[in-house]
Each structure stands twice: as C-alpha cells, then as structure tokens.
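Below: one structure, written as structure tokens.
The values are calculated or read from the model by the stated rules, or taken from the named source; none is laboratory data. Computed from a predicted structure; not experimentally measured. Cβ: placed from backbone, ideal geometry, glycine included. Neighbour counts: every protein chain shown. Areas reflect the complete protein model, heavy atoms only, side chains present, ligands, DNA and RNA absent. Shrake-Rupley method; radii C 1.70, N 1.55, O 1.52, S 1.80 Å.
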Amino acid sequence: MERPDCAQEFAPHTEIVYEQLEEQPFMTQDELIERTHLPFLAVRDATETLKECNLIEEIIYSHGKLRLYRLKSPEERAREERQASVA
C-alpha cells in the first residue's frame, strides 16, 4: 500500500500500529495493544497520528467504550481530500 507523505516521518510506535492494521484491517484498541505489546498511551498516540494523516477511521461503539480502527483505502482518502478542498 502506498503511503502519503505524512507517513514518512512516523514515530516507531506509530509505524508498528500501522503495520498491524495492514495485516488485519479491523482491530480494537485492546487488540492493537495486545498484538503490538505497546502501552495504552503509545497506541492511543499512534492512532491519533494515523487519524490526523487520514490513514485510519475510528469507529466508536458502546458509548465510547469500544474503539475499532480500520485502514482507509487510497480511494477513500482521495475522495475525502477532494471533498475537503471543495468545502
């Protein structure tokens, strides 16, 4: 998968989270913590960075208690960037 420019300067923990989501497209925050062996704060920081770069989508269930993350496709990112530039 081709990554946008902002992905070139990721911190190591963000890169690890991104790679896990490449392998398994849908993961909860707890699954990311378990699979990466990173602390909660590192996973939270990584997912925030990936959201800011428009690389992942965060889906919140159960009144904010369960967070599911998934990678966005290049087509989704391009569509959202076009919509943002029109607005």
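Using helices alone, I'd like the mean residue ellipticity at 222 nm for the chain: each DSSP H run of four-plus residues gives -39500 (n - 2.57), total over residue count, nearest 500.
After summing the helix terms and dividing by residue count, I get -16000 deg cm²/dmol.
Taking only Cα atoms, what is the 0 to 90° angle, nearest 10, from helix 74-86's long axis to the longest principal axis of the chain?
Taking Cα atoms only, the helix is inclined about 50 degrees.
Once both axes come from the Cα atoms, what is the angle between helix 40-52 and the longest principal axis of the chain, in degrees from 0 to 90, rounded to 10?
For helix 40-52, the angle is close to 10 degrees.
Please compute the net charge surrounding Ile16, taking Lys and Arg as +1 and Asp and Glu as -1 over other residues with Cβ under 12 Å from its Cβ.
The answer is -4.
Sorted by mean Cβ packing within 10 Å, highest first, what order do the peptides 30-37, 48-55, 61-68 take?
Averaged packing, sorted descending, gives the order 48-55, 30-37, 61-68.
Among Leu55, Ile16, Tyr69, flag the residue with its Cα farthest along the positive direction of the charge dipole of the chain, charges on Cβ as +1 for Lys/Arg and -1 for Asp/Glu.
Tyr69
Counting only heavy atoms of the protein chains, get the accessible area per residue of the chain (1.4 Å probe) and round it to a whole Å² value.
Accessible surface, normalised per residue, equals 66 Å².
Give me the one-decimal nm value for the distance between modelled label points at Glu22 and Arg82, 7 Å along each residue's Cα-to-Cβ direction.
2.6
If you project the alpha carbons of the chain onto the principal axes, what extent comes out on each, in Å, largest first?
Largest to smallest, the principal-axis extents are 39, 32, 20 Å.
Determine the relative contact order of the chain: mean sequence separation of Cα pairs under 8 Å and six or more apart, normalised by residue count, in whole percent.
Once normalised by length, the contact order is 29 percent.
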